[in-house]
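As structure tokens, the structure follows; a few thoughts come after it.
Coordinate-derived values only; no laboratory data. No experiment lies behind these values; they were computed from the predicted model shown.
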Amino acid sequence: MQTLTADQKTQLAKLEKRLRRHVGQAIAEYNMIEDGDKIMVCLSGGKDSFVMLDTLLHLQRVAPINFEIVAVNLDQKQPGFPEDVLPNYLEQKGIDYYIVDKDTYSVVKQKIPEGKTTCSLCSRLRRGSLYGFAEKIDATKIALGHHMDDIVETLLMNMFNNAKLKAMPPKLLSDDKRNIIIRPLAYCREKDIAQLAQVNDYPIIPCNLCGSQENLQRKKIKEMLITWDQESPGRVESIFKSTQSVSPSQLSDTNFYNFSNLAIDRSQTLKAKEFSGVDISSSNLIDVKNIEIIDASQ
């Protein structure tokens, strides 16, 4: 960790408190962690997973329930991947961990033409490997490091590119119902996570597969969100909150709302809300041009 001034230490304490509060709120509202859980924390070597691991370890110490934490890194055999970095870090911290060797890199390079986006296939292979390993070690929850910005980016990408109103939920039951995935950082902003990661000086490992590709759609969305943050602070949070306040009748999906069988019901007698306005039928239209405008300030 960097040497900090007294003022920097105060700011760091506030930042840690804010992130811990957001994580605690998300865990409570979605019942992410229960007594006796074994949480498999997926540690990629990126800033998000390091902050998630540290925050969960803190909550483990102060929470009124007991749960186990084990860190798991999937070594995808990318060229130049520093295999000793994460084991050294975790051993120094005294954290239980596993390193899972799975050569998904070769599969991705074989299946995806040069220059094309590898993220989708890489993600599916990684997810499948981690889900299987969670069962092997009897983990009851799989913790992923996606934050609020990731969720909003995914929502907009699906809207713009796939014509779907779909994001990433804070808690998810896998399609085969064999694993529960949690995202404890769902209420946290990426800028706060990045700031804490920089101060804590984590041994960050870049992703060579996706990070080396330019002009990805997610990068474009991320740049747009950064601009929005600067021009309209709070917009990202507002978009995220919209995923928690859904009105099916105000959208267009017939699978979620029965538009076909809508029917008028005038069985109740109107009283206070009874119509008493002006008749604006076609035979009695008002000439708006001749209406006198009154200045309310007078």
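Remarks
- Note on the range 1-90: Lys pairs 8 or more places apart or on different chains, Cα atoms under 23 Å apart, count 6.
- The range 144-245, relative contact order [Cα under 8 Å, separation at least 6], %: 32
- Bridge type composition, the chain - antiparallel percent by DSSP, nearest 5: 15
- The amide H of Y97, built 1.01 Å from its N in the peptide plane, has A71 as neighbours under 5 Å, considering only residues 5 or more places off or on other chains.
- Inverse of mean 1/r across different Cα pairs in the range 11-140, Kirkwood, Å: 16.4
- Kirkwood radius, the range 1-78, all distinct C-alpha pairs, inverse of mean reciprocal distance: 14.2 Å.
- In this entry, the range 117-247 is assigned a mean projected area of 9.8 nm², taken as a quarter of its C-alpha convex hull surface.
- Normalised by residue count, the chain yields a Cα convex hull volume of 289 Å³ per residue.
- Per residue, the average separation of C-alpha pairs within less than 8 Å and at least 6 apart gives the range 1-145 a relative contact order of 28 percent.
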